[in-house]
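These notes are about the structure you will find just below.
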Amino acid sequence: MTIAMMSGLAANLIPRTASEFRRANPRVKLNLQQLTTGENITNAVASGEADLGIGFDFDLQPVHRNIASVAVRLGAVVGVGHPLADKPSLRLSDCLPYPIVIADKSMVIRPYLDEVFARASVNLQPVIETNSIEVMRQSAIMDQTLTFLTPIDIEFDQRSGRLIYIPVRELSQQTQTLMLIGHDRGTSAIGSVFAETIKSMMSELC
C-alpha cells in the first residue's frame, strides 16, 4: 500500500501511524513516498500511484475523496534555550529581533505568512529560506533560530522536549487544513484500515 505525503509529516505523524498500523498488520508492506508539492500528491492519488495522500491545503478534483481533515494553526517554533521559549504567546513584533528561518514560496505555509507580514507592514529579512521542514526544525534546535510551523510539524520534537510551539497573535486566524485523501472510487479494505488509524492520530494531535 502506497501513501503519498508532504515533507513535514515524514518525521512525525506518518511514522507514528505506520508503527501502530504495522503492530496490528505485520504482513502488510507500506510504501511511504515523500512528494514535493500538493499537486504531486493529488496527481499520485488520481492516477492510482498512491492509495492515500496526506498533506495541507490540497486543491481537490472530482476524482478525489476527502477522507478526513482538521484545521491547524501556524505559530512560532523555537528551541528550548531560545529567549522566547518561556512565553505563553507572542506578537509578531516579538519575533522580529531574532534570526528567522522561513518556508520558501514553493511551500503551502508561505502564503499565510506573506499575508500576515503584509498586513503588519513587515519587510521580513530571514536568515534562511527553505522548502524543507526538516531544515526549519533542525535550525531551531541547533542554531536557536525562530521559525513558523504547526504543532503537527514538530510533534515528535515537542514530546522529546527539543522544540516549543508558541501561538502568535497575528497568526491566530491563519489556519491550514491537514487533509487525508483517497480516490473517489474508494480504497482497499487494508487501505481503509490505515485511513482509520491515521484519522485517529490526526484527531489526537489536533
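Residues satisfying the criterion are absent from the range 158-175 (criterion: among the aliphatic types (A, V, I, L, M), closer than 29 Å to residue 51 by Cβ and crowded, with 21+ Cβ neighbours inside 10 Å).
Taking residues in the range 95-122 that are farther than 20 Å from residue 5 by Cα, and partners anywhere that are hydroxyl-bearing (Ser, Thr, Tyr) and open to solvent by less than 70 Å² (accessible area, probe 1.4 Å), the pairs with Cβ atoms closer than 7 Å and at least 6 places apart or on different chains are 99/145; 100/145; 100/147; 101/130; 101/139; 101/145; 101/147; 102/147. Residues in the range 1-60 that are over 26 Å from residue 105 (Cα atoms) and of a type in the set (A, V, I, L, M, F, W, C): 1, 18, 21, 24, 28, 30. Within the range 182-206, residues that are at negative phi and touching a residue at least 40 places away in the same chain (Cβ under 8 Å) sit with their Cβ atoms under 6 Å from residues that are among the acidic types (Asp, Glu) and part of a helix (DSSP H, G or I), at 6+ positions apart or across chains, in these pairs: 197/20; 205/155. When the residues of the range 39-80 are filtered to those that are assigned to a loop (DSSP other than H, G, I, E, B) and open to solvent by 60 Å² or more (accessible area, probe 1.4 Å), which remaining residue is nearest to residue 166 (Cα to Cα)? Per the criteria, the residue is 80. Against the condition in contact (Cβ under 8 Å) with a residue 60 or more places away in the chain and either part of a helix (DSSP H, G or I) or surrounded by fewer than 20 Cβ atoms within 10 Å (Cβ to Cβ) (or both), how does residue 27 come out, does it pass? Considered against the rule, which asks whether it is in contact (Cβ under 8 Å) with a residue 60 or more places away in the chain and either part of a helix (DSSP H, G or I) or surrounded by fewer than 20 Cβ atoms within 10 Å (Cβ to Cβ) (or both), residue 27 comes out as no.
Take residue 147 and decide whether it is out of contact with any Gly (no Cβ under 7 Å at 6 or more places or on another chain) and either among the hydrophobic types (A, V, I, L, M, F, W, C) or touching a residue at least 60 places away in the same chain (Cβ under 8 Å) (or both). Spelling it out, residue 147 is indeed out of contact with any Gly (no Cβ under 7 Å at 6 or more places or on another chain) and either among the hydrophobic types (A, V, I, L, M, F, W, C) or touching a residue at least 60 places away in the same chain (Cβ under 8 Å) (or both). Taken residue by residue, the range 87-101 has at least one member that is touching a strand residue (DSSP E or B) at 6+ places or on another chain (Cβ under 9 Å), open to solvent by 50 Å² or more (accessible area, probe 1.4 Å) and among the hydroxyl-bearing types (Ser, Thr, Tyr).
Considering the conditions (1) modelled with pLDDT under 90; (2) not in a loop (DSSP other than H, G, I, E, B), residue 36 is excluded by exactly one of them, (2).
The values are calculated or read from the model by the stated rules, or taken from the named source; none is laboratory data. None of these values were measured; they are calculated from a predicted model. FYI the Cβ positions are ideal-geometry reconstructions off the backbone, even for glycines, and counts take in every protein chain you see. Please note that ligands, DNA and RNA were not included when accessible areas were found on the heavy atoms of the full protein model with its side chains. Shrake-Rupley method; radii C 1.70, N 1.55, O 1.52, S 1.80 Å.
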